[in-house]
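To start, the structure itself, in C-alpha cells.
The values are calculated or read from the model by the stated rules, or taken from the named source; none is laboratory data. Here the structure is a predicted model, which is why all the values come from computation and not from measurement. Heads up, the Cβs are rebuilt from the backbone with ideal geometry, glycines too, and the neighbour counts pull from every protein chain shown. These accessible areas exclude ligands, DNA and RNA; they are computed on the full protein's heavy atoms, side chains included. Shrake-Rupley method; radii C 1.70, N 1.55, O 1.52, S 1.80 Å.
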Amino acid sequence: RTELALKEIMSSGGAEDDIPQAERKTVTDFCYLLDKSKQLFNGLRDLPQYGQKQWQSYFGRTFDVYTKLWKFQQQHRQVLDNRYGLKRWQIGEIASKIGQLYYHYYLRTSETSYLNEAFSFYSAIRQRSYYSQVNKEDRPELVVKKLRYYARFIVVCLLLNKMDVVKDLVKELSDEIEDYTHRFNTEDQVEWNLVLQEVAAFIEADPVMVLNDDNTIVITSNRLSETGAPLLEQGMIVGQLALADALIIGNCNNQVKFSELTIDMFRMLQALEREPMNLASQMNKPGMQESTEKPARRENPHKYLLYKPTFSQLYTFLAASFKELPANSVLLIYLSATGVFPSGRSDSEGPYDFGGVLTNSNRDIINGDALHKRNQSYKEMHCLHPGDLYPFTRKPLFIIVDSSNSVAYKNFTNLFGQPLVCLLSPTAYPKALQDQSQRGSLFTLFLNNPLMAFLFVSGLSSMRRGLWEKCQDYLRKINRDIAQLLTHSRSIDQSFLQFFGDEFLRLLLTRFIFCSATMRMHKIFRETRNYPESYPQLPRDETVENPHLQKHILELASILDVRNVFLENTLDDY
C-alpha cells in the first residue's frame, strides 16, 4: 500500500527525479507510520474485552506509534502538504483515533484522567476545524467519519459532565446530519436522527435543575471528591477490604440510553469514580507508567460496563473479574434490569425459585425456548437467578439490585462465610409519584445523587445554587451521623462493617440508609414494597428508623420548606 501511495504521490508532484531525497524519505516514513498505526488500531478490536493484563503492552505500542505519527505530521507539515497532498480531514482522523485510544484506555482502566486527554484531542479537532472541508468532497463515507467523531465527542463530554459543550455539539451534529441527508440520499438517516433523540433524552434525564442567579444551569458532579465519603473516626473498627472490580449491568426495557450506556449505568459508574485530575502532572503515557509512579490514593476500582448482556456474556465477565480479584478486595455487581418472575409454582424455596433479573436472549445461542414454554416446571433461562451468583460468594461480594424483582435476592445464603451484602431497590413506587422510570431509577439516583433524589420525592424540580450548597453541607453531616450509627450498632451484621473501610462502599451504604429512611418517612411511600431492603437485614431501630436520623431528615425538609411531605411522628406509625 505504501509503495502504491508513493508512486501516485510522486507522479502527481511532477517528475520523480525532481523530488529531493530527503522529502521522498519524509513521505515514505509518513506512509509507513500511517499504515502501522491503522494496523495496530484495527488490532485493538481483536483484544479480549475481559482480563486486565493481556492488552496493556499492545495499547502501549499503539500509543507509541500514534505519538510518533502525530509529532511527525506536525514537524513535516509543509513537505506532506506539497508532496503527499495531506488534507486537514486526514489530520483530524489521526487526532480522532488518538482521542478514541484515550477513551478506550479509560474504559479499560477506569482512570478518569484519560477522559480529559480524549477531550483535549477531540476539542482540538473542533477548534482547528479539521473536518470543515469534508462537506465539499462528494464522499458520503467521509461525512460519516465526521458524524461519528461528533457522537464520540458527545460521549466523552457526558462522562466529564461538560453539558454546555454537549448542547453545542448536539446542535452542530443536528445541522451536519441535516446537510448529510440532504446531499446524499442514504439509508442511515433514521439511525442518525435516533442518535440525536437519544442524546437529547439523556441530557434531560435529571429530574431537578440547579440554577445560578442568572438562571443558567449549574453542572453538578457526582464523582467521589476529597470530602465525599464520611471520614472514619478514630477507634472505629472496620474491615480493610478495598473495592477492586465492578460489573455495571444495564438491561432495563425502555430506559434512556446513549452509546450502550443506560442512564442508570451512567449514574452508577460515576458513583464508583473519583473526580478526574490533570493527567499531565500525574503520570506518563498510558501503558508506560510503573506502579510506583501512580498518584497516591488515586486508583478507581476497575469496571466492566455491560449493556444488555446475554447470560453467557455476563457469566464470562463475572468469572474473569472473580479470577483476577486481588487479595483483600471486593467485587461489586450492580444490576439494573427488568424483573423476571417465576412462571411455575414451586414447592421449594431455593435460590432458583424466586426468579431474578433479565438477561438478553440471543436467539442464535439458545434453542431451549420452545421446550421451556411447554414445561412450567423448568426455571427461567434468560434470567440471572440469585443461585447463579453463589459460586462467586467465595470472595467478598457487594451486590446492588435495582429491579422490580430485586427481592428475589433477599433469599440469599452466605455459604462460604465471606463478607456478603445485597442492597435491594423497592419493587414498586407509589402511583402518586409520576413515573420517572424511563429517565432512570429513583433508587439508583439516591445512590448517585441523594440530594437530587430527595428534592424529586419532595416535589421540587428546580433549586437555587446557594440553597443547593447549603443542603449538600447538611447532607454531609447526615452521612457522618449515619456512619456513626452503623459503626456503633451492637446488632449489625459484620459484613456491613467489613465493607465499611472502603470509601466508595462506605458512601453507597450511607446513601442507601438515607434513601431507606427518607422513603419510610415519606407520606406517600406506605407499602412495604415501596422500601429498599438488604441482605443481611439491617437493624431498623439502629439505622433506617433511628429517631436521630429521622430528626435530621425533617430538618433537611425544613430547610427546603417541604416538611409537610413527611410524617412527623414516624415511630408511632410502626
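Every residue in the stretch 194-223 that is under 30 Å from Gly466 (Cβ atoms), of a type in the set (Asp, Glu) and touching a residue at least 12 places away in the same chain (Cβ under 8 Å), please.
Glu204, Asp206, Asp213, listed by residue number.
Within the stretch 299-379, which strands (runs of 3 or more DSSP E) (wholly inside it) include 3 or more residues that are within 18 Å of the chain's Cα centre (by Cα) and modelled with pLDDT of 90 or more?
In the stretch 299-379, 302-307, 329-337 are the strands (runs of 3 or more DSSP E) which contain 3 or more residues that are within 18 Å of the chain's Cα centre (by Cα) and modelled with pLDDT of 90 or more.
If Trp468 satisfies all but one of (1) in contact with a strand residue (DSSP E or B) (Cβ under 6 Å, 6 or more places away or on another chain); (2) in a helix (DSSP H, G or I); (3) open to solvent by 40 Å² or more (accessible area, probe 1.4 Å), what's the number of the condition it fails?
Every listed condition holds for Trp468 apart from (3).
Regarding the stretch 494-501, can at least one residue be identified that is over 30 Å from Arg394 (Cβ atoms) and either assigned by the TED database to the domain that holds Asn414 or modelled with pLDDT of 95 or more (or both)?
The answer is no; no qualifying residue exists.
Quick check, is Phe416 open to solvent by 10 Å² or more (accessible area, probe 1.4 Å), part of a loop (DSSP other than H, G, I, E, B), closer than 30 Å to Asp245 by Cβ and among the aromatic types (Phe, Trp, Tyr)?
yes
Taking the residues in the stretch 537-555 that are of a type in the set (D, E, K, R) and touching a helix residue (DSSP H, G or I) at 6+ places or on another chain (Cβ under 8 Å) as candidates, determine which candidate is surrounded by the fewest Cβ atoms within 10 Å (Cβ to Cβ).
Taking the candidates together, the pick is Glu555.
Criterion first (touching an Asp or Glu at 6+ places or on another chain (Cβ under 8 Å) and either at pLDDT 90 or above or surrounded by fewer than 20 Cβ atoms within 10 Å (Cβ to Cβ) (or both)) does Ser129 satisfy it?
no
Return yes or no: is Tyr66 more than 22 Å from Lys303 (Cβ to Cβ) and either outside any helix (DSSP H, G or I) or not assigned by the TED database to the domain that holds Tyr315 (or both)?
When the stated conditions are applied, Tyr66 passes them.
Among (1) in contact (Cβ under 8 Å) with a residue 60 or more places away in the chain; (2) part of a helix (DSSP H, G or I); (3) of a type in the set (Asp, Glu), which single condition is Glu191 missing?
Condition not satisfied by Glu191: (1).
Of everything in the stretch 41-57 that's closer than 24 Å to Ile91 by Cα and without any contact (Cβ under 8 Å) to a residue 12 or more places away in the chain, which residue is surrounded by the most Cβ atoms within 10 Å (Cβ to Cβ)?
Residue satisfying both the conditions and the ranking: Asn42.
Could you tell me which numbered condition Val195 fails, if it satisfies all but one of (1) touching a Ser or Thr at 6+ places or on another chain (Cβ under 9 Å); (2) aliphatic (A, V, I, L, M); (3) outside the structural domain of Val156 (by the TED database)?
(3)
Any residue at all in the stretch 188-198 that's touching a strand residue (DSSP E or B) at 6+ places or on another chain (Cβ under 8 Å) and farther than 30 Å from Arg139 by Cα?
So far as the stretch 188-198 goes, no, none of its residues is touching a strand residue (DSSP E or B) at 6+ places or on another chain (Cβ under 8 Å) and farther than 30 Å from Arg139 by Cα.
Is the stretch 544-564 home to any residue that is under 26 Å from the mean Cα position of the chain (by Cα) and either in the same structural domain as Leu445 (by the TED database) or not hydroxyl-bearing (Ser, Thr, Tyr) (or both)?
No; the residues of the stretch 544-564 include none that is under 26 Å from the mean Cα position of the chain (by Cα) and either in the same structural domain as Leu445 (by the TED database) or not hydroxyl-bearing (Ser, Thr, Tyr) (or both).
For the stretch 19-40, enumerate the residues that are surrounded by fewer than 15 Cβ atoms within 10 Å (Cβ to Cβ) and among the aliphatic types (A, V, I, L, M).
Ala22
Is it the case that some residue within the stretch 450-469 is in contact (Cβ under 8 Å) with a residue 24 or more places away in the chain, charged (D, E, K, R), closer than 19 Å to Leu211 by Cα and assigned by the TED database to the domain that holds Val544?
Yes, there is a match, as at least one residue in the stretch 450-469 is in contact (Cβ under 8 Å) with a residue 24 or more places away in the chain, charged (D, E, K, R), closer than 19 Å to Leu211 by Cα and assigned by the TED database to the domain that holds Val544.
A quick yes/no check of all residues on (1) closer than 16 Å to Pro301 by Cβ; (2) at pLDDT below 80; (3) of a type in the set (S, T, N, Q):
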site	(1), (2), (3)
Asn212	no, no, yes
Asn215	no, no, yes
Val218	no, no, no
Leu224	yes, no, no
Gly228	yes, yes, no
Glu233	no, yes, no
Val238	no, yes, no
Leu241	yes, no, no
Asn251	no, no, yes
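Restricting to the stretch 311-350, what's the tally of residues that are β-branched (Val, Ile, Thr) and open to solvent by 10 Å² or more (accessible area, probe 1.4 Å)?
Residues flagged as β-branched (Val, Ile, Thr) and open to solvent by 10 Å² or more (accessible area, probe 1.4 Å) within the stretch 311-350 amount to 3.
How about the stretch 375-402: which of its residues are open to solvent by 10 Å² or more (accessible area, probe 1.4 Å) and farther than 24 Å from Gln498 by Cβ?
Within the stretch 375-402, Asn375, Gln376, Ser377, Tyr378, Lys379, Glu380, Met381, His382 meet the criteria.
So which of Ser534, Ser516, Ser558 is open to solvent by 40 Å² or more (accessible area, probe 1.4 Å) and of a type in the set (Gly, Ala, Ser)?
Answer to the check: Ser558.
So, in the stretch 137-172, how many residues would count as being among the hydrophobic types (A, V, I, L, M, F, W, C) and not in a helix (DSSP H, G or I)?
Counting residues in the stretch 137-172 that are among the hydrophobic types (A, V, I, L, M, F, W, C) and not in a helix (DSSP H, G or I) gives 1.
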